[in-house]
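Please treat every number below as a calculation from the coordinates, not as lab data. Fair warning: this is a prediction, and the values are worked out from it, not measured in the lab. Counting neighbours? That spans all protein chains shown, and the Cβs are built from the backbone with ideal geometry, glycine included.
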Amino acid sequence: MDEKDKKALLQIARKSVESAVKGISKDQTQAEPFSPELKGKNGAFVTLRTCGKLRGCIGRMVSDIPLHKLVSEMAVSAVKEDPRFKQIQSSELDDLEIDISVLSPLQKAENPLDFELGIHGIYIKKGSATGCFLPQVAADTGWTKEEFLTHCCSAKAGLSPDAWKKEDVDVYIFTSEIISEKDVGN
């Protein structure tokens with residue numbers, strides 16, 4: 001993705017976050033012409049941090065809407081709907097940092113250990129139970145592959161820690177392009 005597209009996505013996310021925090025409901029993606037990359041139907045996550053501390057992270061693994069619209073929706077959801085955090089307040093906006101992870105298509109792993117830490121994220125699925133870790137979680141935690149899978153099963157998918165070893169559990173891998181305000185600017 002080129003710098004122009006990265007900046008456009010970050011601006012969409014920033015405007016959507018600010019509107020959500022201030023209680024203004026309007027679509028931040030209506031009038032602008034977008035490149036083919038921003039019209040693509042990639043999965044994406046929006047991560048919000050205040051002074052480096054996680055304040056929200058919401059996303060979708062796959063999407064049936066254009067990326068620019070998904071980023072807007074996920075930014076609003078990260079403000080309002082991440083159950084781990086209280087809603088972001090206006091006083092936090094100046095210190096808020098936004099990261100967007102644009103996901104590659106999911107690939108089913110024949111062997112759950114066939115991935116590279118820090119390069120691949122994982123998505124674990126058994127029936128309606130699902131959980132995922134973005135690639136950067138491995139770098140943040142320092143976990144081994146086994147720990148990465150184990151924590152995803154137990155903490156994210158609500159499965160037994162060793163569920164990733166079972167035949168009826170699917171493990172998918174993906175990569176992500178991280179677009180960060182601290183790297184691109186806004």
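By the count of neighbouring beta-carbon atoms within 10 Å, fewest first, 60, 84 end up ordered 84, 60. For the chain, what does the helix formula give at 222 nm: sum of -39500 (n - 2.57) over DSSP H segments with n ≥ 4, over the residue count, nearest 500 deg cm²/dmol? Roughly -8500 deg cm²/dmol at 222 nm, from the helical runs in the chain. Between [x] 43, 19, 13; [y] 29, 18, 15; [z] 24, 20, 18, which matches semi-axes √(5λ) of the Cα gyration tensor in Å calculated for the structure shown? Matching the structure shown: [y]. Dipole of the chain computed with +1 at Lys/Arg Cβ and -1 at Asp/Glu Cβ about the Cα centre; of 122, 153, 16, farthest Cα towards the positive end is 16. By the beta-carbon count within 10 Å of each Cβ, the least crowded to most crowded order of 178, 119, 88, fewest first, is 119, 178, 88. Residues whose amide H comes within less than 5 Å of that of residue 44, counting only those at least five positions distant or on another chain, are 60, 103 (H built at 1.01 Å from N in the peptide plane). Taking GluC sites (Glu not before Pro) across region 85-121, the ones in a DSSP loop with at most 10 further Cβ atoms lying within 10 angstrom of their Cβ are 110. Given a Förster radius of 30 Å and the C-beta distance between residue 110 and residue 35 as r, what FRET efficiency does 1/(1 + (r/R0)^6) yield to the nearest 0.05? Calculated transfer efficiency: 0.30.
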